[in-house]
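Only one structure is covered here, and it is reproduced in the block below.
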Amino acid sequence: MKSILSRFRALSLALVAAALAGCATEPSKPDSSASLAGKRLVVKVSGSRGMQYSCAGDFGSGGKSAAGVLLPNPIVVFDVPATPNARCDASKPDSDRILMLDFYEDGELKLHADAPPGKFGVRARRTPSGWTSDPY
């Protein structure tokens, strides 16, 4: 009986020690300012050829805007330092057509967001848990 109790105590102590060790280290936030230092955020717009678009973004250093007509290839609308609180809103005058935004961080696609037919735009933002988008 003592052998079972001593094994139980040893296992309990090991579990408590493991739990405390896990609490002692705080996971790094993937979108913290330090993890984004020196990185670039590139936002590209694409969609129905010949359609007008407008984009407004806030990338930590104030607002930026862009507007134009879509071409066959994606257009770079913003190329800015990556920040943990980036936001971008893109809209189109015609809800029957499609508008897409792609967010790249140092060349890696982080988010593809679109405003499908029936919607007039899309909002995208970086949150502490990653990128999100909402068509409207």
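Values computed for the structure shown
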{"read-out": "Test: residue in the stretch 101-108 that is in contact with a Phe, Trp or Tyr (Cβ under 8 Å, 6 or more places away or on another chain), modelled with pLDDT of 95 or more, closer than 17 Å to Val42 by Cβ and surrounded by 13 or more Cβ atoms within 10 Å (Cβ to Cβ)", "value": "yes"}
{"read-out": "Filtered residues of the stretch 45-59 (kept if under 17 Å from the mean Cα position of the chain (by Cα) and closer than 20 Å to Asp94 by Cβ)", "value": "Val45, Cys55, Ala56"}
{"read-out": "Arg9 vs. criteria basic (Lys, Arg), under 30 Å from Arg125 (Cα atoms) and either surrounded by 10 or more Cβ atoms within 10 Å (Cβ to Cβ) or modelled with pLDDT under 85 (or both)", "value": "no"}
{"read-out": "Residue list for the stretch 50-84, filter: in contact with a helix residue (DSSP H, G or I) (Cβ under 7 Å, 6 or more places away or on another chain) and surrounded by fewer than 17 Cβ atoms within 10 Å (Cβ to Cβ)", "value": "Pro84"}
{"read-out": "Failed criterion for Thr83 (all others in (1) modelled with pLDDT of 95 or more; (2) of a type in the set (Val, Ile, Thr); (3) within 15 Å of Lys110 (Cβ to Cβ) hold)", "value": "(1)"}
{"read-out": "Top-ranked residue in the stretch 85-100 [being surrounded by fewer than 18 Cβ atoms within 10 Å (Cβ to Cβ) and within 15 Å of the chain's Cα centre (by Cα); ranked as farthest from Leu36 (Cα to Cα)]", "value": "Arg87"}
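The values are calculated or read from the model by the stated rules, or taken from the named source; none is laboratory data. Here the structure is a predicted model, which means the values were calculated and not measured. Glycine also receives a Cβ, built like all others from the backbone with ideal geometry; neighbour counts cover every protein chain displayed.
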